[in-house]
Each structure stands twice: as C-alpha cells, then as structure tokens.
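Asker: Take this structure, written in structure tokens, and hold onto it; I'll ask about it next.
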Amino acid sequence: MNKPLLAVLKGAKPSMPPMWLMRQAGRYLPEYRALRAEKGGFLALATDPEAAAEVTVQPIRRFGFDGAILFSDILMVPWALGQELTFGPGEGPRLTPPLVDHALAALQRVPERLEPVYGTCERVAAALPPETTFLGFAGSPWTVATYMVAGAGSKDQGETRGFAYADPAAFDAIIAAIVTMTIDYLARQIAAGVEAVQLFDSWAGSLSPAQFERWVIAPNAAIVAGLRARCPEACIIGFPKGAGGKLPAYARETGVDAIGLDETVDPLWADAVLPAGLPVQGNLDPLALLAGGAALDDGIDRVLAAFRDRPHVFNLGHGIGQFTPIAHVEHLVARVRGS
C-alpha cells in the first residue's frame, strides 16, 4: 500500500515531500468551528469519538494532506492521571489541583478517561483514504509536567522549573508517571489504528542544557524504548520546540525515527548537523502562511531546497494559526506539490 508520509518516516526520499500541518484540524476551518459550537466546548468535542473523528478527517477531505493527525489534546494524560481538566471560555486549559502544592500520590488515576480517544482512532482508521497516514500523538513529559505542576500554561514555565530544581525527586516521580501512562496511551492508539506518533515537547526550549538532558532527552528516550518494546514497528516523530543547538543531542539520544523542527531553526544548519539520513519534518513559519504572497513562497522554497537530499515531511514549524486564510493553505499545497 502506497503511503508517502509513512514511507518517508522510514527513510524514503521521494521527489515530492509528503505533507501535513500541525493543528490542521482546527479553528481556521469553518466546518470545525460549526461542530465545536454544536458540541459546546473543546473537551466535549474531543471525548465524542464520532465528532472527534469527523474533525480529524475534515482537513483531509478539504486539502488531501498525506497525514491525518488525531484530534485530541496533550492534557488527556494528566486528566487520566487524576487531575481535573477544564477549558474555560477565552482562556487556556486548566488542571486542578496544581501539583506545585499537592502531592501526585493523592491523585486517583482514571485511565478510562482515555477510552474515547481509542474509539476516535478506530473510526478515523476506517474512514481515511488508503494512501493517508494516520498520526497519533502525546505530549512529552516535560511539557505535560509544566501544566500539571502549575495548573495552567505560562510564558516561561518558571514555576515548574523552580519546582524541578527545588525537589528533583518529587518532580522525577511526576515525570515517571507521565512516561508510564504515555507509553500505554500511544500503544493503545497504535492498536486502534494509528500508524505513526508524534511526541510534542512545546516547552522544551525553556530548559538549561543539563535540565534539558534530564527532563527532555531522558524521558523521551524512555518513551521511545517502552513503546518500541510493545510496538516494534512504531514510527516516532520527536518535536522538541525551541531546542535549537540541543537538537543533535536529542536526535542521537532519544532514538526517534524523525525529528520535527520549529520555525526558528535554520533548515540548512539542521541538515548539516543532524544525523545523515534521519528524516526531518518542518519547518515553515506559521506566520508566513498567514501572510501569504511572496513571504509564503520564499519560505516554502527555502525549506524545500534545504532538505532536497534528505527524507523530508513538509510541515509548519508549529501549529497553524486560527486566522490563516484557507486560500493560503490551498496555495501552500499546490506549491509543495508542484502544480
């Protein structure tokens, strides 16, 4: 079966790179906004397998991307670990109680909260075109822990970084719990039909080199090893946003099959320093896609040129913005595919 994206993750170098976009199932699409309004909120939508499957497939139906990314959220794991998860109007997600002043051991784990996700996976796997690769995902332990400790997102993750320095044993217990739950979560996604997975470490860039080694590289390596023990054929993309000069170490030491690059990474530098033959994903600036015109065309050309001799999945350097014109996405797809 011809699956271009999956083939690249396994080392193929086709003349035209496959593509998908982070957050491609989201608020820039009118069909998504309509369904979310009907369901009454994000969590209700994400835990309704039929609705979440529809959202996952919407961008495939509209743009024909080579990959479909599961519609869910990285905070499903802390929700399953026993924190309460809410998405208030006009604010980001919140987890209660925050672990900065509550013990992890006091949480009552509720793994059945993840069951709707597996139902979504089964529906999506049955609905996708045969050439489309189905991507699952989870948050990486450091990024997930920043929300668990602080109870919400923050600009510099200062509360969690301070917690990790002040009580590394307690923080290590949080990381270990996330690792264990994430291995099972991703293995269950794969059993339900997912073909490759991505580990999102959105806040990896906030750590010092030593802390990056301890709280990003080591836990992600543990997930890769644990998942491969259960699913030997698993393809794993690591996305340590903001890692910069620490990317080569991440690529070498985690064992991921491919590495996602954010928009701040010089693609020519990345091609020069990353292991030869390692597939890369990225890394068009989402704001260039928003702007369109010459900025978009120049950005596309630079990414394509830098990775022409390496297995490459075309993507953004982070998630697509909610105000991105659909016409710009259509232009991106046509330009990458050479039509």
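The values are calculated or read from the model by the stated rules, or taken from the named source; none is laboratory data. Since the model is a prediction, treat every value here as computed from it, not as a measurement. All Cβ positions, glycine included, derive from the backbone under ideal geometry; neighbour counts span all protein chains shown. All accessible areas refer to the heavy atoms of the entire protein, side chains included, with ligands and DNA or RNA removed. Shrake-Rupley method; radii C 1.70, N 1.55, O 1.52, S 1.80 Å.
Asker: Inside segment 52-94, can you point out the residues that are without any contact (Cβ under 8 Å) to a residue 40 or more places away in the chain and open to solvent by less than 30 Å² (accessible area, probe 1.4 Å)?
Answerer: VAL55, GLN58, PRO59, GLY82, GLY88
Asker: Just checking, how many residues over segment 108-167 are open to solvent by less than 10 Å² (accessible area, probe 1.4 Å) and either farther than 25 Å from GLY82 by Cβ or not in a helix (DSSP H, G or I) (or both)?
Answerer: Result for segment 108-167: 11.
Asker: Quick one: which of ALA177, ALA234 is at negative phi and surrounded by fewer than 22 Cβ atoms within 10 Å (Cβ to Cβ)?
Answerer: ALA234
Asker: How about segment 238-269: which of its residues are open to solvent by less than 40 Å² (accessible area, probe 1.4 Å) and touching a His at 6+ places or on another chain (Cβ under 8 Å)?
Answerer: Residue satisfying the conditions is ASP262 alone.
Asker: Further question on the same structure: Output the residue which, of all residues in segment 1-28 that are in contact (Cβ under 8 Å) with a residue 40 or more places away in the chain and either among the β-branched types (Val, Ile, Thr) or open to solvent by 80 Å² or more (accessible area, probe 1.4 Å) (or both), is nearest to CYS235 (Cα to Cα).
Answerer: Per the stated criteria, the residue is LYS10.
Asker: Identify the residue in segment 180-198 that is of a type in the set (D, E, K, R) and out of contact with any strand residue (DSSP E or B) (no Cβ under 8 Å at 6 or more places or on another chain) and, among all such residues, is most open to solvent (accessible area, probe 1.4 Å).
Answerer: Step one: of segment 180-198, the residues of a type in the set (D, E, K, R) are 184, 188, 195.
Of the ones still in play, those that are also out of contact with any strand residue (DSSP E or B) (no Cβ under 8 Å at 6 or more places or on another chain) are 184, 188.
Working: ASP184: 52, ARG188: 83 Å².
Here the answer is ARG188.
Asker: Regarding ASP201, is this residue open to solvent by less than 10 Å² (accessible area, probe 1.4 Å), of a type in the set (D, E, K, R) and within 30 Å of PRO248 (Cα to Cα)?
Answerer: yes
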